[in-house]
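Please read the structure below before turning to the comments.
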Amino acid sequence: MAIEHKDIAAIRQDYALGNLCESEVSNDPLVQFERWFNEAVHSEVLEPNAMVLSTVGEFSLPSSRIVLLKDLKENGFSFFTNFNSRKGTEMDANPHVAVLFFWPELQRQVRIEGLIEKLPVEDSDEYFQSRPKGSRIGAIASPQSDTIPNRTFLEERVAGLTEEFKDQEQVPRPEFWGGYLIKPLYMEFWQGRSSRLHDRIAFQKVSDSWKITRLAP
């Protein structure tokens, strides 16, 4: 195997865009996240709502994939997906999940660990109908995470559903598709600093409050 860059170990970036102090963070990590998220949006970060979602499957093996944050609620973070997908079945078996946001343009990342639960069906219905029609049809057509014979199989399913719903804008949400809420128990805000002396401020849920600590980089 040949890597085009001859010295991969020499790839590095010094971080000097900002800092993070205990005196400046909110006592509520969800409020602090909202601040940072808004700054990422205003800085035109590419897909600031993209997050790495990690679940734990059979034999305690972790798996990760990128999903999109769709709402920040008072008690957590919501996203939508196929309940029958690998992540869906793993979350059914083990509700403990981890999430990572990385905004390289701001030299920041946010780590979240917490428990997952399904959103009310009304939330799933409302969001599903807000999606473009093609995305709604795609969600129905795709048996997410299942093995399929080829791409034609998928395209033919989409074509059949497109014909079925050609005269109606409303496409019903399938029962196997909907939303989840991640209720955080731990959150960590990381700001890159020069010479790898990064700022790390952690929030640990203790009863109904948050304990704030600084971690060594």
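Rule-based calculations on the coordinates, nothing more; no lab input. These numbers come from a predicted model, not from an experiment. Backbone-built Cβ (ideal geometry, glycine too); neighbour counts: all protein chains shown.
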> Name the pairs whose Cβ atoms lie under 8 Å apart, with the first residue in the stretch 202-217 and within 17 Å of Q109 (Cβ to Cβ) and free of Cβ contacts under 8 Å to residues at least 24 places away in the same chain, the second surrounded by fewer than 13 Cβ atoms within 10 Å (Cβ to Cβ) and not aliphatic (A, V, I, L, M), and 6 or more positions between them or separate chains?
Replying inline: A202/T213; A202/R214
> Could you say which residue among E105, E90 is acidic (D, E), touching a residue at least 24 places away in the same chain (Cβ under 8 Å) and either surrounded by fewer than 17 Cβ atoms within 10 Å (Cβ to Cβ) or within 16 Å of K183 (Cα to Cα) (or both)?
Replying inline: E105
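If you check A139, A98, which single one turns out to be within 19 Å of M51 (Cα to Cα) and small (G, A, S)?
On the way: A139 fails: within 19 Å of M51 (Cα to Cα).
One residue alone meets the criteria, A98.
Go through the stretch 169-217 and count every residue that is of a type in the set (A, V, I, L, M) and more than 21 Å from N27 (Cα to Cα).
Restricting attention to the stretch 169-217, the residues satisfying the condition of being of a type in the set (A, V, I, L, M) are 171, 181-182, 185, 187, 197, 201-202, 206, 212, 215-216.
Applying the additional criterion that residues be more than 21 Å from N27 (Cα to Cα) yields 171, 181, 197.
Selection size over the stretch 169-217: 3.
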>> Quick check on my filter: what residues within the stretch 51-87 are of a type in the set (V, I, T), over 22 Å from S135 (Cα atoms) and within 12 Å of the chain's Cα centre (by Cα)?
In response: T55
>> Could you check the stretch 91-145 and list, in sequence order, the residues that are in contact with a Pro (Cβ under 8 Å, 6 or more places away or on another chain) and more than 30 Å from W210 (Cα to Cα)?
In response: A139, I140
